[in-house]
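Here the structure is laid out as structure tokens; the discussion comes afterwards.
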Amino acid sequence: MTNGAALLVAALENEGVDRIFGVPGEENLDVLDALRRSRIELILTRHEQSAAFMAATHGRLTGRPGVCLSTLGPGALNLATGAAYAHLGAMPMVLITGQKPIMSSRQARFQIVDVVATMKPLTKVARQIVSAASIPTLVRDAFRVAMEERPGPVHLELPEDIAAEELADPPPLVPPHPVEIPVAQAAALDRAAGMILAAERPLIMLGAAASRPRLAAGLLDFVRRTGIPFFTTQMGKGSVAGGTELYMGTAALSERDHVHVAIDRADLIIAIGHDTVEKPPFLMGPSGPRVIHVGYTPASVEQVFFPHAEVVGDVGPSLRLLADRLDGQLPNAGALLPLRAQILGRILDRAEEGRFPPTPQRIVHDVRQAMPEDGIVALDNGMYKIWFARNYRTRVANTLLLDNALATMGAGLPSAMMAAMLYPQRRVLAVCGDGGFMMNSQEMETAVRLRLNLVVLILDDGAYGMIRWKQAVDSFPDFGMTFGNPDFVRYAEAYGAKGWRIARTEDLVPTLEAAFAAGGVHLVATPVDYTENTRVLVEELRAMVPAQPSA
């Protein structure tokens, strides 16, 4: 005899699940007992939202769905932001929520909301399990759907009585099997190759889907074989390993940044893995460059993105076939490369300025100094995200984790915790504004309890800085954006972590080095001088002369 909860846990083990993140409730007790007797580790978090962020980040970094668990009603609703985070960010994840019994209603409508209906627009699929015998097939399908392109979250609701349902003859588990994605059709490859061969100033753009773990080698091969320079979107950073000398920058803004000097001069952009959930890296118009979309799925046609040709299929093998058609035939491949030094030089301007509080450019520079090539920086959302996207050089895929899709605050610390769990031998740094950090700062206790090696860098300006900056840029009065903070050193110590406060700009690198060397959980707080936001991102960029295509 077995019950529905035990069958669920066995099906999760069958999928290779080794951790589940969450906050259980009364409706999960059968599942909890089955987990106790399983090989799966329960990672108890202090808020369901953090559990969802951790599960989503697991999906992003491994390509395999992370799993999170909550009870019904309020617990399930606390997963909603994490579901949207994974849905917009294309991260495979499975959410499992509890529910009151569906065959009786001894507690009437207490705590009951329609969680399945709530989750439907936030997930690829949302289902209630109504029979224990269906659990193996539903779990197998959930993982299959979560991993299919475009990846994302799947929700399963397990009512309390279905979890407790006894099965004398339980159905067999469904064995997983690999599913190969078809490559692009020859006609599409020929069409794209013809456009590239005819281009005078080609440019490659690497978007969010270019960061899939399985794609790194294929992208590097394509870039090297063609010799075409590339830029990235924020979520495409690091998708091509360093050393090609073809990187032109990252489009942290939609227009009129230094990288747009190259974008504006290009007559053809090969957009690899672009997902229009990201803030637009450039704005297409009637007089702009021709665009080829290369992706696992067809392009989403938008007002600012309407490609002229598409190469749809498994991106790595498709790019190899496309490169075969281009080898040795691109005399104009490097036409835009002379702009590279100018673009990167302007971006790195004042990166070593020593004033205190440190500028965003100096903070990015110093973080890069403290992080090895495979070190992982997980960003929360705030003004600093633009600076890291523009200025931080990545040489290994998925070493700068940022969210440019939902762009939610509160995800930085949980994402960094997941990275530290997956890669305990690598340096992992969470970079958070004081506002975003405090939204899930309770997970410091979780990080200490799990004995993670993790450093959290807090940029302390006592405000919701990005919105305050936009308020000023749009000539609104300064109102409603400032707050007070705890003493972050004592706050860290209250959780059993080590706290540091930066009092001189030159202390940041040695403090980060000391924290990493000591191991354990550390919180480093530094003030930040955000006056550079206006000087660089408004005044300097407004003064730029729009680039004109050369004859």
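The values are calculated or read from the model by the stated rules, or taken from the named source; none is laboratory data. Source: prediction; values computed, not measured. Cβ sites come from the backbone with ideal geometry, for glycine too, and all protein chains shown count toward neighbours.
Values computed for the structure shown
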read-out: Extreme residue, modelled with the lowest pLDDT, among residues of the range 66-105 that are among the hydroxyl-bearing types (Ser, Thr, Tyr) and over 13 Å from the mean Cα position of the chain (by Cα); value: Ser105
read-out: Exclusive hit being out of contact with any Gly (no Cβ under 7 Å at 6 or more places or on another chain) and not hydrophobic (A, V, I, L, M, F, W, C), set Pro176, Pro182; value: Pro176
read-out: Checklist (1) buried (at least 21 other Cβ atoms within 10 Å of the Cβ); (2) more than 16 Å from His293 (Cα to Cα) applied to Ala192, failing item; value: (2)
read-out: Residues located in the range 375-421, provided they are at positive phi and at pLDDT 95 or above; value: Gly410
read-out: Hits in the range 340-368 (condition: modelled with pLDDT of 95 or more and among the aliphatic types (A, V, I, L, M)); value: Ile363, Val364, Val367
read-out: Top-ranked residue of the range 472-521 - restricted to ones that are within 30 Å of Glu352 (Cβ to Cβ) and aromatic (Phe, Trp, Tyr), ranked as surrounded by the fewest Cβ atoms within 10 Å (Cβ to Cβ); value: Phe516
read-out: Selection count, the range 244-274, where residues are buried (at least 20 other Cβ atoms within 10 Å of the Cβ) and of a type in the set (Lys, Arg); value: 0
read-out: Selection count, the range 1-56, where residues are within 20 Å of Ala163 (Cα to Cα), of a type in the set (D, E, K, R) and under 21 Å from the mean Cα position of the chain (by Cα); value: 1
read-out: Residue list for the range 266-303, restricted to those being in contact (Cβ under 8 Å) with a residue 40 or more places away in the chain and outside any loop (DSSP other than H, G, I, E, B); value: Leu268, Ile269, Ile270, Ala271, Ile272, Arg290, Ile292, Val294, Gly295
read-out: Residue identified as acidic (Asp, Glu), assigned by TED's automatic domain parsing to the domain that holds Asp507 and more than 20 Å from Val277 (Cα to Cα) among Asp403, Asp374; value: Asp374
read-out: Residue in the range 32-41 that is in a helix (DSSP H, G or I), of a type in the set (D, E, K, R) and crowded, with 18+ Cβ neighbours inside 10 Å present; value: no
read-out: Failed criterion for Met235 (all others in (1) at negative phi; (2) at pLDDT 95 or above; (3) not acidic (Asp, Glu) hold); value: (2)
read-out: Those strands (runs of 3 or more DSSP E) lying entirely in the range 368-465 with at least 3 residues under 17 Å from the mean Cα position of the chain (by Cα) and of a type outside the set (Gly, Ala, Ser); value: 376-379, 428-433
read-out: Those residues of the range 430-478 which are farther than 23 Å from Trp387 by Cβ and at pLDDT 95 or above, in sequence order; value: Gln442, Glu443, Met444, Glu445, Thr446, Ala447, Val448, Arg449, Leu450, Arg451, Leu452, Asn453
read-out: In the range 65-88, the residues that are touching a Gly at 6+ places or on another chain (Cβ under 7 Å) and in a helix (DSSP H, G or I); value: Gly75, Ala86, His87
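Conditions (1) in contact with a helix residue (DSSP H, G or I) (Cβ under 9 Å, 6 or more places away or on another chain); (2) within 12 Å of Leu77 (Cα to Cα); (3) free of Cβ contacts under 8 Å to residues at least 60 places away in the same chain, marked per residue:
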{"site": "Val94", "(1), (2), (3)": "yes, no, no"}
{"site": "Gly98", "(1), (2), (3)": "yes, yes, no"}
{"site": "Thr118", "(1), (2), (3)": "yes, yes, yes"}
{"site": "Pro121", "(1), (2), (3)": "yes, no, yes"}
{"site": "Ser131", "(1), (2), (3)": "yes, no, yes"}
